[in-house]
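> Can you read through this structure? Questions will come right after.
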Amino acid sequence: MRDNKHQLRLQMNIPDNHDYGTWLRHAGVEDACNRLALWSLHGGRLWLSSHSAAGKSHLLRTLASEHSSMALLDAVDDGENNSWQLAQQWEKRMAEQSSWLIDVAAGNMSISLAHALFHLLERARDQQRSVVLAWRGATDPMPPELSSRLLAMERVDMHAPPNDADLLQILRSSAGNLQWDIREQVLQAMLIYLPRQLDVLVAALKELEALSFEQKHKPGPAWVKQQLLRIAEDLSPAVLE
């Protein structure tokens, strides 16, 4: 029988596991976690923000998986419905839950998305729903209707992991969701050749996995270094700042 040493990959995607086993509560998120614990008991309207990627989306998904009373919404502009129709669809989707978790992609919003969020926040207020909105960006470019609502909410800031040990722990957890038995040396090399930013590191980890299977190449030190240098070179100047 021919000895096949290539890595075998299941022809299916393993779903992301969002629970407290994959959530790292470090110093950068401690205050936010404490405030969200109070919010889960007493309600309110919170704007969960951060200066850089800090795990806001993961935290919202963790909360939603642990509490049946919380509805999670990935707020995206579908390009088909106007803002009022979009808000109505979202409201209908979350109507049975008393608390709403709204996750918005970082960066500037489209006008229609911003107006849809405004309508949704107004509906949440009318129905006395507790709300957490997670979004990272500047309020200046957005319509005043939404910016005024955001600024009226209590802002809770999260921060990136403060040290390499916490970053490595998050990467280990992310690697556990992949179909790849990755060595510790690979994770440590990522901190050497790439910016210490969660969004960059997690995306690079997934890219390394995909390349390893595509090329049927068991990642050794030289190959890993070559790929990480290429990924670093491809990063935009804004990411490297």
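> Considering every residue within the stretch 214-229, establish whether at least one is modelled with pLDDT of 85 or more, more than 20 Å from the chain's Cα centre (by Cα) and within 30 Å of residue 131 (Cα to Cα).
no
> Something else about it: Hey, can you tell me all the residues within the stretch 173-208 that are among the acidic types (Asp, Glu), over 15 Å from the mean Cα position of the chain (by Cα) and farther than 15 Å from residue 230 by Cβ?
Matches in the stretch 173-208: 181, 184.
> Give the stretch 168-183 a look and list any residue that's outside any loop (DSSP other than H, G, I, E, B), modelled with pLDDT of 80 or more and over 16 Å from residue 200 (Cβ atoms), or say none.
Passing the criteria: 169, 172.
> Only one of these is at pLDDT 90 or above and in a helix (DSSP H, G or I): 232, 238, 165. Name it.
Going through 232, 238, 165 in turn, the sole match is 232.
> Something else about it: Would you tally the residues in the stretch 49-102 being of a type in the set (A, V, I, L, M) and within 19 Å of residue 119 (Cα to Cα)?
Count: 11.
> Restricting the search to the stretch 112-142, which residues are among the hydrophobic types (A, V, I, L, M, F, W, C) and part of a helix (DSSP H, G or I)?
Residues satisfying the conditions are 113, 114, 116, 117, 118, 120, 121, 124.
> While we're looking at this one, here's another question. So, of the residues in the stretch 149-162 that are touching a Ser or Thr at 6+ places or on another chain (Cβ under 9 Å) and not in a loop (DSSP other than H, G, I, E, B), which turns out to be nearest to residue 52 (Cα to Cα)?
Ranking the candidates gives 158 first.
> Given the criterion modelled with pLDDT under 85, under 30 Å from residue 116 (Cα atoms) and crowded, with 16+ Cβ neighbours inside 10 Å, identify the matching residue among 150, 198, 146.
So the residue among 150, 198, 146 that is modelled with pLDDT under 85, under 30 Å from residue 116 (Cα atoms) and crowded, with 16+ Cβ neighbours inside 10 Å is 198.
The values are calculated or read from the model by the stated rules, or taken from the named source; none is laboratory data. All figures in this text were calculated on a predicted structure; none of them were measured in a lab. Glycine also receives a Cβ, built like all others from the backbone with ideal geometry; neighbour counts cover every protein chain displayed.
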